[in-house]
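I have placed the structure first, in the form of structure tokens, so that the comments after it can refer back to it.
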Amino acid sequence: MNPPSRRLRLALVVTAVLLLAGGSLGYVLHARHRERPSAQQADASFDTSEPGLYFRDTAGGRIARQVGPGLPRVTGGPSCDRFHTAGDHALCLRGLPGVPARTEALVLDRRLREVRKVTVPGIPNRARVSPSGQVLSWTTFTTGDSYDTAAFSTRTAILDLRTGYLIKSIEQIPLTLDGARHHDSDVNYWGVTFAADDNRFYATVSTRGATHLVEGDLHAWSAKALRENVECPSLSPDGARIAFKKKVSDDPRTPWRLYVLDLTTMREHPLAERHGVDDQAAWLDDTTVAYALPGRDGRTSDIWSTRADGTGNPTLLAPGASSPANVR
């Protein structure tokens, strides 16, 4: 009976080792799966060549398309925290897990397939693609998570797909403020928007406790301040006006209101939306802008639109949505 007993003991030992090894491997795979961020890719049939309103669906975090207010949405895009699309490309910002905070900036083609990936420090905040789709910009919070506090810092990058050249931070661009070159360690840029020529751009610069609208020139690599108290600018399709958020109150719940600035006359007017808007508005056409507002549940957001001339009433376009971008 001894030989069979030894064989039995040996079989039991081998079985136990295999079970332990399998359990360890399963634990490792499970842990790695938990460490990876949500990274669903776009469905094969989902692309930005179809006209409609594209946005981030807050229920699942994936990019969706809707062809009209109240109509069913198609959800098949990748997972993003911030999104924008124009021309031949889209930009998807996705926060990565872990400390310190990092963001993946994903450049996508019209089929929403990855073309290039850049990992940068900070929390996803603003994303913009030029009308041609060839120049992109993103902003991340590297310190703090709100513009409505002195304890914040941003990093804004510009990527030119025509040359492949990446400007990791535009903070060193020569800045003219009040007619003189401005140098200060507290300079922060955010919210870039591009003109149709892929050269001129507008952005917000913050320095010495004030915010300014700046006009930038990529080829000349220069920027000049145009006007104070302008944040998150968005250039109209005709290139004549800027939609922006203006600080109108010290109330931390509603510090900003949406305005439109005429770049020729430099006159501004408020829009019909009276709620506080903390977003970079998107032009649906030359007469209408869209933007996100907090939802009723306080956890999600909804996309609204209003006329750019300040008349009319805001319209709910897409509940449970953010990061609007219109493809015509």
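The values are calculated or read from the model by the stated rules, or taken from the named source; none is laboratory data. Quantities reported herein were computed from a predicted structural model and do not represent experimental measurements. For neighbour counting, all protein chains shown are included, and Cβ atoms are generated from backbone atoms with ideal geometry for every residue, glycine included. The protein model used for the area step is the full one, side chains on, heavy atoms only, and it has no ligands, DNA or RNA in it. Shrake-Rupley method; radii C 1.70, N 1.55, O 1.52, S 1.80 Å.
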Cut-off 13 Å between beta-carbons: net charge of the residues surrounding Leu53, Lys and Arg +1, Asp and Glu -1
0
For the chain, size of Cβ-based charge dipole, Lys and Arg +1, Asp and Glu -1, in debye
1620 debye
Considering only protein heavy atoms and a 1.4 Å probe, what is the carbon-and-sulfur percentage of the accessible area of segment 204-328?
46 percent
Within a Gaussian network of the chain (alpha carbon springs, distance under 10 Å), most fluctuating of Gly310, Gly98, Gly52:
Gly98
Over all viewing directions the Cα convex hull of segment 115-205 casts an average projected area in nm² of 6.6 nm²
Glu228 to Ala195: extension gain in nm, 0.36 nm per residue of separation minus the Cα-Cα distance?
9.8 nm
Taking every pair of distinct Cα atoms and averaging 1/r, then inverting, what Kirkwood hydrodynamic radius in Å comes out for segment 172-254?
13.3 Å
For the chain, with a Gaussian network of springs between Cα atoms less than 10 Å apart, report the residue from Arg162, Arg56, Arg94 with the top mean-square fluctuation.
Arg162
Do any of Lys117/Lys168; Lys117/Lys246; Lys224/Lys245 go past 23 Å between their Cα atoms, and which?
Lys117/Lys246
Note the full-extension length gain between Ala59 and Thr176 as 0.36 nm times their separation in residues minus their Cα-Cα distance, in nm to one decimal.
37.8 nm
Given R₀ = 45 Å, FRET efficiency for Glu50-Val99 by Cβ-Cβ distance, to 0.05?
0.70
Estimated FRET transfer efficiency when R0 is 25 angstrom, pair Arg328-Ser249 (beta carbons, to 0.05)
0.10
What is the distance, in nm, between label points placed 7 Å from the Cα along the Cα-to-Cβ direction at Ser153 and at Ala240?
4.2 nm
Here the relative contact order (percent) of the chain, from C-alpha pairs under 8 Å and at least 6 apart, is 12 percent
Rotationally averaged projected area of segment 230-328 (alpha carbon convex hull; nm²):
6.2 nm²
In square angstrom, what is the accessible area per residue of segment 76-212 with a 1.4 angstrom probe?
40 Å²
Taking the chain as a Gaussian network, Cα atoms linked when under 10 Å apart, which of Ser236, Ser185, Ser132 shows the biggest mean-square fluctuation?
Ser185
Quick calc: nm separation of the 7 Å Cα→Cβ label points for Asp217 and Arg296 -> 5.2 nm
Can you compute log10 of I(q)/I(0) for segment 35-91 with the Debye formula, treating each Cα as one identical point scatterer, at q = 0.25, 0.26, 0.28 Å⁻¹?
-1.09, -1.17, -1.32
Between Asp160 and Val115, what is 0.36 nm times their sequence separation minus the Cα-Cα distance? Round to one decimal in nm.
14.9 nm
Honestly segment 199-240 on the Cα gyration tensor test (a ≥ b ≥ c root eigenvalues; a/c under 1.5 rounded, otherwise a/b vs b/c for prolate or oblate) is just oblate
Inter-label distance, nm, simple model (7 Å from Cα along the C-beta direction), Asp88/Glu268:
3.7 nm
